[in-house]
Amino acid sequence: MTSALWLVVTVLVYLLARAAYARTRLALLNPALVSIAVMIALVVATRTPYERYMTGGRLLSVWLGPAVVALGLPLALQLATIRRNALAIGVALAVGSLTGIVVAVSVAWLLGAAPPVVLSLAPRSATTPIAMVVAARLGGIPALSAVVSIVSGALGGFIGVGLLHALGVRSPLAVGLALGGAAHGLGTARAADEGPTQGATAGMAMGAVGVLTALLAPVMIAALRWFTSGR
């Protein structure tokens, strides 16, 4: 298949997935998750090298930057709500970022994971590009960090809303912050389907948690090294 054809197929798959989700509203049919799964299956089935697929895929990925910037519009529309809850939002994002790092690193360390694996899991809560850069600077494995970040986002996008509702979390603000902070891009896409407040705060949380993780992860790893060296 040519690069142009792969580009057309990718767009068609997403549009079909979007239509299926709009008709059923099933979390299992999240358009981003379905599109990823279908395109992986097609690329593997046709034995197409990833590099060849991405020759056309780059025409789509180039819009990732503008799409992220576009998240500023719904955020601006919800600015009054964010200002009223600025302190609570700041505390929640800081605690969430710290918790994500501590839990991932502690569990991996207690289970006896190799140091590069532990370092790779530290930026788990950050969106994939940030996670890869942070992992590389910590001495981890960027590819592993990317996989963990993507899987975290997929799980959050799939079960996040249902889990939050089961736990009694109904606040649109809280739902958006949780999805964006824990499941980054895919969580933000899922939050946007829930409502304007959820989508806006999820986009903000995704960016803020990425920055906080980049700042806090090296500190937490240094503390872990100090603790283990003193034992």
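The values are calculated or read from the model by the stated rules, or taken from the named source; none is laboratory data. Computed from a predicted model, the values in this text were never measured in an experiment. Every residue, glycine among them, receives a Cβ derived from its backbone with ideal geometry; neighbour counts consider all protein chains shown.
So, in region 26-58, of the ones that are free of Cβ contacts under 8 Å to residues at least 12 places away in the same chain and of a type in the set (D, E, K, R), which residue ends up nearest to Ile159 (Cα to Cα)? The selected residue is Arg58. Listed by first and then second residue, the pairs linking a residue in region 1-25 that is among the basic types (Lys, Arg) to a residue that is modelled with pLDDT under 85, with Cβ atoms under 7 Å apart and 6 or more places separating them unless they lie on different chains, are Arg18/Pro31. The numbered conditions (1) crowded, with 17+ Cβ neighbours inside 10 Å; (2) within 15 Å of the chain's Cα centre (by Cα); (3) under 24 Å from Pro31 (Cβ atoms); (4) not β-branched (Val, Ile, Thr) are all true for Pro172 except (2). Which numbered condition in (1) surrounded by fewer than 17 Cβ atoms within 10 Å (Cβ to Cβ); (2) closer than 22 Å to Leu59 by Cβ; (3) over 21 Å from the mean Cα position of the chain (by Cα) is the only one that Leu7 fails? Condition not satisfied by Leu7: (1). Considering region 47-89, and only residues there that are of a type in the set (D, E, K, R) and under 26 Å from Trp6 (Cα atoms), the residue that is farthest from the chain's Cα centre (by Cα) turns out to be Arg47.
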